[in-house]
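See structure below.
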Amino acid sequence: PSLNLAQCVLLMGYEWRRLGGVTPEVMELARTEFASRLEVDRLADHFEERLDAAGCFFPERKGGGMKANLRNMWGRLGLTRAEAQTFHGMLRQIAWKLKSGGE
């Protein structure tokens with residue numbers, strides 16, 4: 001009886017997230033689906049390539065662990081196909097801008 005509407009919404013959102021997130025009906029309404037493991041791996045490869053090209057992000061003795069951490073992070077995010085494609089586009093745009101700007 002003492003919860004206001006904002007607290008109720010917050011509590012329901014928290015519990016919904018704890019249960020596993022997005023229902024198939026919501027994904028259908030959004031006209032998208034979750035990215036496959038292969039798509040997430042390609043995104044991780046793309047990020048590693050760009051970070052390697054930028055230099056000095058992966059130190060020699062820590063690089064393997066850092067790459068594993070990034071891949072684990074990408075896997076836990078639960079990206080949709082559209083989100084993965086957006087990240088690819090962002091990376092391409094950043095690389096193009098840096099290249100055309102002489103950096």
Going by amide H atoms built from the backbone, whose H comes under 5 Å of the H on residue 80, apart from near neighbours?
35
At a 1.4 Å probe radius, carbon and sulfur cover how many percent of the accessible area of the stretch 27-94?
54 percent
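The values are calculated or read from the model by the stated rules, or taken from the named source; none is laboratory data. Given the structure is predicted, the values throughout are model-derived calculations rather than measurements. Heads up: the accessible areas ignore ligands, DNA and RNA and are worked out on the full protein's heavy atoms, side chains in. Shrake-Rupley method; radii C 1.70, N 1.55, O 1.52, S 1.80 Å.
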